[in-house]
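The values are calculated or read from the model by the stated rules, or taken from the named source; none is laboratory data. Values in this document were obtained by computation on a predicted structure and should not be read as measured data. Here the Cβ positions follow ideal geometry from the backbone for every residue, glycine too, while neighbour counts run over all protein chains shown. Accessible surface is based on the protein model in full, side chains and every heavy atom, while ligands, DNA and RNA are left aside. Shrake-Rupley method; radii C 1.70, N 1.55, O 1.52, S 1.80 Å.
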There are 2 protein chains.
Amino acid sequence: MSDKKGVTVKKSEDFSDWYSQIVNKAELADIRYNVKGFIVFRPWVVQIMNKMFQLLEKELETHGHLPVLFPALIPESNFVKEAEHVQGFLPEVFWITEVGGSGKKVEERLALRPTSETAMYQLYSLWIRSWRDLPFKRYQKGQVWRYEGKATRPFIRGREFYWIETHNAFSSLKEAKKQVQEDMEITEKVIHKGYAIPFLFFQRPEHDKFAGAIHTYAADTLMPDGKVLQLPSTHLLGQNFSKPFNIKYTNRKGESEYVWQTCYGPAVSRIIAAVISIHGDDKGLILPPTIAPIQVIIVPIFSKGKEKSVLTNCEELKKDLEEEGIVIKIDDDRQHTPGWKFNYWELKGVPIRIEIGPRDIIENQVIVVRRDTGEKTAIKNNEARTRIKEALENIQQDQIRRADKFFNDNIKTVHTFQELEKYISDEGGIFKINWCGLEECAEKIKDQTNGGVIRGTLFGKKENPKGNCIKCGKTATQLVYISKQH
Amino acid sequence: MSDKKGVTVKKSEDFSDWYSQIVNKAELADIRYNVKGFIVFRPWVVQIMNKMFQLLEKELETHGHLPVLFPALIPESNFVKEAEHVQGFLPEVFWITEVGGSGKKVEERLALRPTSETAMYQLYSLWIRSWRDLPFKRYQKGQVWRYEGKATRPFIRGREFYWIETHNAFSSLKEAKKQVQEDMEITEKVIHKGYAIPFLFFQRPEHDKFAGAIHTYAADTLMPDGKVLQLPSTHLLGQNFSKPFNIKYTNRKGESEYVWQTCYGPAVSRIIAAVISIHGDDKGLILPPTIAPIQVIIVPIFSKGKEKSVLTNCEELKKDLEEEGIVIKIDDDRQHTPGWKFNYWELKGVPIRIEIGPRDIIENQVIVVRRDTGEKTAIKNNEARTRIKEALENIQQDQIRRADKFFNDNIKTVHTFQELEKYISDEGGIFKINWCGLEECAEKIKDQTNGGVIRGTLFGKKENPKGNCIKCGKTATQLVYISKQH
C-alpha cells in the first residue's frame, strides 16, 4: 500500500477528517450512492456488523426473545393510531403513494417503516389472549428509514439504518420496568463486554423521550471529539399503545386488562460508528476480537525456494488455531509485499498478525504482532496455540480497559454555568450538573453552550441533586448529565 | 393440543387446504397483516429461514462472494437505464413520491427495489478498474418488493420477499458462463443436499427470460399437487448492463473493455414453501436436520416424586448431544401432558423426539422417535450419543431420497399433445416434450392445457429433440420440459 492510501491525518488533531478517511480508506462505506443520506455498506463493515448482530441476537434469545419479521410497509391508518407517536415520526416518513408504470395510486398511503410499533401491535392484539401468553417478547432484525433533516454522516446519522427492535408485552408495570433493567444488562453484556464500548444508561428528560413513551432510557457513549453518541434506547410504553391497538389479555381472575409494553432498539449500523471511532488509531481500525471478521491474519514471508515450506507452516498453525475456535486467514497473495500486507491488515483492524518466514521455521517460532499495542513477540511453535488464544483474550480486555478509561476520565462534575460553558467548548466530555427540570432552562443551556444537551438522570443508581440549577438558580430537582451530541 | 388444533385434512386429498392449515397451525405466517400481499413471518419460520440463509451464505463465501448492503431505494433515473429491464419490472414497482407530514414531493421518484441491478451497478462502475479487480463477486441478503398482480399465497407468492442476490462481473463471456455452472453447483449443494429439495436446472425459453438478460437459467422443483415451483434463477447478463452503467476495466494489454455479468437470486422465503410442502405430512412439518432450529426435542415423562431424577437424566443427555454439535431442547413445561407435547413438536417438524421417564432410567435407556418415519427405538444410554447423531444423518439422507423419488417418478416423456393434456390435468408432474421453439406455440400449449408452461431445456446435459413439435407438428428444435406452475 502506498502512503497515499494510508490515513493522512491524526485522530487527535482532526477527528472529523480522520473519521472520513477511515470510512473511505478501510473501504467501510461508499457515500457516492445517488440518494441523499443513503450509503453503501461494503464487505468488511457488513462482516463486522454480522458479528455484532450475532452477539446481540444470541443474548436476546437467551433472555427469551423470539425473532419475527414484519412488513416494511405500514398503512397510514395504523401509523396515526397513537397521537404522540405520529406527531414525532410523521416528519420523517417516506411515503409510498404509487405502484407500477402508469402512476396508479395506492388505496391508502403506505409508510416505509421508521420504527415498527404501529406495524406490529395490531397483530399483538390478535396473538395475546391470556396471562399464559405473557410475558410476550419478540425481536425483529431489519432496516428502518427516516427522512432525517440533519446533515448525514456515514453510520453516525443516515436515512436508512440497520437495527434490532424488540417489542415486549407484560401483565404489569412492574414487569415492564424489570424489562428496562434487563435491556440495560443486555446492553452491558453485548455492547460493553462484546464491542468494548463503554456507556452510561440514562433516563431521558420528559421533553426528550420517544414519541408515545412514558419514559425513555438510553445508553450514551463518548466519541473522541468529546460529543456523545446515542447507543440503544429502551422505551417504557406503558399502556399508551395497548389501548389504541386494543392489546388485552385475560388475567388469572378472568378479567380483561390492557398489557404493559416496552421496546428496545440497538441500532447496530450506528453503534459501529463508536467501534470505529473509539478503538481506531492513526493506522486504521482496531477491532475487538469478539467482533473481528478475521481475528488472526498470517502473513507468510516468502523467500526464493522456501515458499512451500513457509506455506506449509502457515497452514499447520492455521489448522491448530481453528481448532481453538479462532477465525484465521492466510494472506498468501503474491502480488504484494509483506510490508504492504502489514499496512493493509492494520488499516482493517485485524487484532493479531502473525509473520512466518524461513528464519522463523529454523528457529521453531512465529512472530506475533498485536494490532492494539504494536507489541511484537517471538513465540515458540509449541506454545503458539495457547499464547495466541490468551493474546486475543488480553486484547479484548485491554480494549475495554482503555475505552473505559477515556470514558471515565471525561465525565466531570461542574458547579457553575461558566465552568460548563468553558469545558464543554474546550475539550467536550460529559458533565454532571444540577438542573431545575424545566425544558425552558434546558433550551437555554443548549443555546448558550452551542449544543449541550441534557442526557438525563443516571438509570439504576439514585443520584440526588445538591443546591440550585446551574442555569436559572432555582432549587435543583435532578442531578443530570449533559454533553454535546452527534 | 386438542384435535381441533391439528391439521384436519390429508395432504394427498387437498394439498391447498393442507398447506393453508400448516402455515396457520404450525404458526409459520400470519396472513392478517393489513396490506394486501404482505405477511408476518412468525418465530419458527424465521428460525428455519435463518438456518437456510446460513447454509447459503457459507457456500457463497466459500466460492468467493463477499457481502454488501445497498440502499432499498433506487432513483427512477437509475431504474430506467436498461430498456428491457425497466419494461419488465416497471409494472411491479412501489414508488416513493412524498416525505414527511405535509405531502412534500421528493425531487425524483424512488423505486422500492424489486431487484438490485440498477442500484448496484453504478457503484460497480466506480469500484471495478482493472483486470486485477476481476472476477468481482458480491452478494446481498435482504428484502425486495414487487407489486405482484397474481393472487398471493404465504411464502409461495407475495409482494415482499427475503432472498440473496449475487451480482458478479468477469473479464469474458466464458468466465460468466462458468459462474452459471457454479451457481448450479451451489444450488445442488445447498438446496438439494441441505434443504433436501430436488430440482432440475433449466435454460428458460427466450420468451421467458429475466428482463435484461441474455439467458435465464432456473431451478424448478415439483410440489405435491403436481405443479412446479421456481427456486433460484441465474441470469447471464452479458454486457447488457455494463454498457448503460459504464462498467469497464483495463485488461492486461491496457485496453478498456466492458465487463461480463451474471446474477443469481435464491429466494429463501419462497424456497421454504417447497420445504414445507415436499417434506410435510398429515401431522405437520418434517424438517431436514440441517435446517431444523431444534434438531432433537427431549420430552421428560414426569411421575410423582421422580421429577428431579428424570430432569437430571434429560440434562445429562442434552449436554452430551450438545458436545456433538446437536441443537437440542428439553420441553420441561408442566402445563401440558407428554401427549400434547408429542403432537406439538410433530406439528413443528422437529426431526427427533426423545422420551425419558422413570422406567427408562431403571432400564438405562432413552426412547427415540423419528419424526419422518415415526419409528420408535429404545437406545441404551451408553450408545445414545453415537446413535442419535447417526439417526440425524440418516434422516437427512432419507428425506433427500424420498423427495428425489417423488420428483423423479413424476417426470415423464409424452409423445402426443393428447397425452400431455390428459396427464398434466389428471396428476400433474413434469413432462418432456418436443417443441418447435416458437413462443406462439408455447402460448397455445399453455392455453389448451390450462396453464402448462414450458420450463426450458435441461442445463448442463445436452438432450436432442427427436421428431416434431408436439403442438404444431413442425420439426422440433428443442427437447423441453413442461409443467403447470405455482
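As a summary of the residue check, B:LEU285 satisfies the conditions (1) buried (at least 20 other Cβ atoms within 10 Å of the Cβ); (2) touching a Lys or Arg at 6+ places or on another chain (Cβ under 8 Å); (3) farther than 30 Å from B:HIS192 by Cα except for the one numbered (3). Inside region A:136-152, can you point out the residues that are part of a strand (DSSP E or B) and either more than 8 Å from chain B (Cβ to nearest Cβ) or small (Gly, Ala, Ser) (or both)? Selection gives A:PHE136, A:LYS137, A:TYR139, A:GLN140, A:LYS141, A:GLY142, A:VAL144.
Residues of region B:158-186 that are assigned to a strand (DSSP E or B) and either within 19 Å of A:PHE70 (Cβ to Cβ) or over 20 Å from the mean Cα position of the chain (by Cα) (or both): B:GLU160, B:PHE161, B:TYR162, B:TRP163, B:ASN168, B:ALA169, B:PHE170.
Residues that are among the hydrophobic types (A, V, I, L, M, F, W, C) and within 28 Å of A:ALA274 (Cβ to Cβ) within region A:434-469 comprise A:TRP435, A:ALA442, A:ILE445, A:VAL453, A:ILE454, A:LEU458, A:PHE459, listed in sequence order. Of all residues in region A:200-216, those satisfying the criterion of being without any contact (Cβ under 8 Å) to a residue 40 or more places away in the chain and open to solvent by 10 Å² or more (accessible area, probe 1.4 Å) are A:LYS209, A:ILE214, A:HIS215.
Residues that are of a type in the set (A, V, I, L, M, F, W, C), touching a helix residue (DSSP H, G or I) at 6+ places or on another chain (Cβ under 9 Å) and away from chain B (no Cβ under 11 Å) within region A:102-135 comprise just one, A:LEU134. Of the residues making up region B:397-439, those that are farther than 30 Å from B:VAL190 by Cα and touching a Ser or Thr at 6+ places or on another chain (Cβ under 8 Å) number 6.
Of the residues making up region A:33-57, just one is aliphatic (A, V, I, L, M), out of contact with any helix residue (DSSP H, G or I) (no Cβ under 8 Å at 6 or more places or on another chain) and in a helix (DSSP H, G or I), namely A:VAL46. The set of residues in region A:237-257 that are under 26 Å from A:HIS207 (Cα atoms) and touching a Lys or Arg at 6+ places or on another chain (Cβ under 7 Å) comprises A:PRO244, A:PHE245.
Yes or no, residue by residue, for (1) closer than 30 Å to A:HIS167 by Cβ; (2) touching a Cys at 6+ places or on another chain (Cβ under 7 Å); (3) assigned by TED's automatic domain parsing to the domain that holds A:VAL366:
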| position | (1), (2), (3) |
| --- | --- |
| A:GLN261 | yes, no, no |
| A:PRO266 | yes, no, no |
| A:VAL275 | yes, no, no |
| A:ILE298 | no, yes, yes |
| A:SER309 | no, no, yes |
| A:CYS314 | no, no, yes |
| A:LYS319 | no, no, yes |
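Scanning for something polar (S, T, N, Q) and either within 30 Å of B:ARG353 (Cβ to Cβ) or open to solvent by less than 20 Å² (accessible area, probe 1.4 Å) (or both), does region B:439-462 turn up at least one residue? Looking through region B:439-462, at least one residue is polar (S, T, N, Q) and either within 30 Å of B:ARG353 (Cβ to Cβ) or open to solvent by less than 20 Å² (accessible area, probe 1.4 Å) (or both). Residue count for region A:62-87 under the criterion of being under 27 Å from the mean Cα position of the chain (by Cα), assigned to a helix (DSSP H, G or I), surrounded by fewer than 17 Cβ atoms within 10 Å (Cβ to Cβ) and more than 9 Å from chain B (Cβ to nearest Cβ): the result is 2.
Restricting attention to region A:91-101, the residues that are surrounded by 19 or more Cβ atoms within 10 Å (Cβ to Cβ) and either more than 9 Å from chain B (Cβ to nearest Cβ) or assigned to a helix (DSSP H, G or I) (or both) total 1. Test B:ASN382 against the stated conditions and say whether it is in contact with a strand residue (DSSP E or B) (Cβ under 9 Å, 6 or more places away or on another chain) and open to solvent by 50 Å² or more (accessible area, probe 1.4 Å). Considered against the rule, which asks whether it is in contact with a strand residue (DSSP E or B) (Cβ under 9 Å, 6 or more places away or on another chain) and open to solvent by 50 Å² or more (accessible area, probe 1.4 Å), B:ASN382 comes out as no.
Here A:GLY467 meets each of (1) open to solvent by less than 70 Å² (accessible area, probe 1.4 Å); (2) modelled with pLDDT of 95 or more; (3) within 22 Å of A:GLN203 (Cα to Cα) with one exception, condition (2).
I'm trying to understand the selection: among the residues of region A:253-275, which are under 25 Å from A:PHE241 (Cα atoms) and either out of contact with any strand residue (DSSP E or B) (no Cβ under 9 Å at 6 or more places or on another chain) or charged (D, E, K, R) (or both)? Passing the criteria: A:LYS253, A:GLY254, A:GLU255, A:GLU257. Taking the conditions (1) part of a loop (DSSP other than H, G, I, E, B); (2) within 25 Å of B:VAL275 (Cα to Cα); (3) of a type in the set (S, T, N, Q) in turn, B:GLN335 satisfies each one other than (2). Among the residues making up region B:187-226, those that are assigned to a helix (DSSP H, G or I), under 25 Å from B:THR290 (Cβ atoms) and not hydroxyl-bearing (Ser, Thr, Tyr) are B:GLU188, B:LYS189, B:VAL190, B:ILE191, B:HIS192, B:LYS193, B:GLY194.
So that you can scan it fast, the table gives a plain yes or no per residue for (1) open to solvent by less than 10 Å² (accessible area, probe 1.4 Å); (2) charged (D, E, K, R); (3) at negative phi:
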site	(1), (2), (3)
B:ALA218	yes, no, yes
B:PRO224	no, no, yes
B:HIS235	no, no, yes
B:ASN246	no, no, no
B:GLN261	yes, no, yes
B:VAL275	yes, no, yes
B:SER309	no, no, yes
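If you go through region A:144-198 and pick out every residue that is at pLDDT 95 or above, of a type in the set (S, T, N, Q) and open to solvent by 30 Å² or more (accessible area, probe 1.4 Å), you end up with 3. For region A:18-34, filtering for residues that are in contact (Cβ under 8 Å) with a residue 60 or more places away in the chain and facing chain B (nearest Cβ under 9 Å) leaves 0. If the condition is being more than 30 Å from B:VAL327 (Cα to Cα) and at the interface with chain A (Cβ under 9 Å from one of its Cβ atoms), then region B:37-54 contributes only B:PHE38. The set of residues in region B:289-325 that are touching a residue at least 60 places away in the same chain (Cβ under 8 Å) and polar (S, T, N, Q) comprises B:THR290, B:GLN295. Being of a type in the set (Val, Ile, Thr) and in contact (Cβ under 8 Å) with a residue 60 or more places away in the chain is a property that does not hold for A:ILE328.
Apart from one condition, B:ARG353 fits all of (1) open to solvent by 30 Å² or more (accessible area, probe 1.4 Å); (2) outside any loop (DSSP other than H, G, I, E, B); the exception is (1). For A:GLY428, the conditions (1) out of contact with any helix residue (DSSP H, G or I) (no Cβ under 9 Å at 6 or more places or on another chain); (2) in contact (Cβ under 8 Å) with a residue 12 or more places away in the chain; (3) at negative phi all hold with the exception of (3).
Under the condition of being in contact with a Lys or Arg (Cβ under 9 Å, 6 or more places away or on another chain) and open to solvent by less than 40 Å² (accessible area, probe 1.4 Å), the residues counted in region A:24-38 number 7.
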